[in-house]
1. Please report Rg (one decimal) and Dmax (integer) in Å for the Cα set of segment 54-160.
2. What Kirkwood hydrodynamic radius do you get for the chain when you take the inverse of the mean 1/r over all pairs of distinct Cα atoms, in Å?
3. Based on the Cβ-Cβ distance of residue 252 and residue 409, what FRET efficiency does E = 1/(1 + (r/R0)^6) give at R0 = 45 Å, to the nearest 0.05?
4. Enter the Cα centre distance for the pair segment 374-399 and segment 244-285, rounded to the nearest angstrom.
5. Taking the beta-carbon count within 10 Å as an exposure proxy, list 137, 275 from fewest neighbours to most.
6. Computed on alpha carbon atoms, what radius of gyration and Dmax characterise segment 212-323, expressed in Å?
7. Mind jotting down the distance between the C-alpha centroids of segment 1-37 and segment 93-135, whole Å?
8. What number does segment 34-89 give for Rg over Rh if you use C-alpha atoms and the Kirkwood radius?
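Rule-based calculations on the coordinates, nothing more; no lab input. Here the structure is a predicted model, which is why all the values come from computation and not from measurement. Here the Cβ is made from the backbone with ideal geometry for all residues, glycine too, and neighbour counts use every protein chain on show.
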């Protein structure tokens, strides 16, 4: 039987090809549900390697599976979308999703070339998921109106389509910004709900008879103050983030505004806090409107759920990290205010997403660069491959979903706003 060291050598021996693939995907930056060229590059490699796949899953997603056993089913989730450039036209992989794509392909090829799947009772499925970045709403809402997708996120659509049914665990990795470390393990991601509040009042001449109007801008400003005070009523460890903005504030300066739009994300580190905060933000909006005899219409759009990682799976991940670095080079359990749709998977299936360093510049900014190719592409790939090896070879490392069907039903009801 192949040893772990022998399996990891398949990545080491492919190092220069991996670097080239990584650069190729980094230069091919496309927005969510538009990753057409990226998908073509992925499927071209899968065809070259003789791997069957499903394409056009949730528009541009791809799924490829190695192995046929029913003993354990590992899902590897890799994002494929990018972000628009801040400084001009075009897009950039300023969140590092091209690295995830490259890692998934590197791990897939190592498993394939080694032939290890023939000696296990397991399957490993690679999910190349579109549209993780929560942006470009008009385009995505157009796709929803056309019936091409149901939700704004790639993983949310794949969950609804049943793509992850039968998976026993989900493995993922994401670039981080920590300087002086190699990896992080057990991080949290915040969940969020997008809220839009439309205040409706009554217009009037602001000079002649302002008292006849009902000023919606006043209602929105009052609500923003109430929301700012609300933040102090939550323990900082719960990670509540509220930063509302006015996206429509009124019209002419001589008319009392009769419609004002306030929008915000409600972010939190756990579901209990997220749902409680949403309820209390609604109360701020509704009662401030009522105090000034305004109407307030609130629309919620489901964002992402907080990521709660599997501790047992992360023990295996950390064990593999320690093959390549010292314990002090691993950050454990960092708290992040960022969000990702991997959190939605974590509600349903035991999930991990470890972090790896090797980036300079800022995330979601044109300054983003890959600075340590070895750690991003090779060492991190080995950590992931080593984790998969342990799950394939040792049943005691395996973790299984609990009450998947019921949790999925409740999850989809929440997304679809059904009781």
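1. Final numbers for Rg and Dmax: 16.1, 51 Å.
2. Answer for the chain: a Kirkwood hydrodynamic radius of 22.9 Å.
3. 0.35
4. One Cα centre to the other: 44 Å.
5. Placing the least packed residue first, the sequence is 137, 275.
6. 19.4, 73
7. 9
8. Rounded to two decimals, Rg/Rh equals 1.08.
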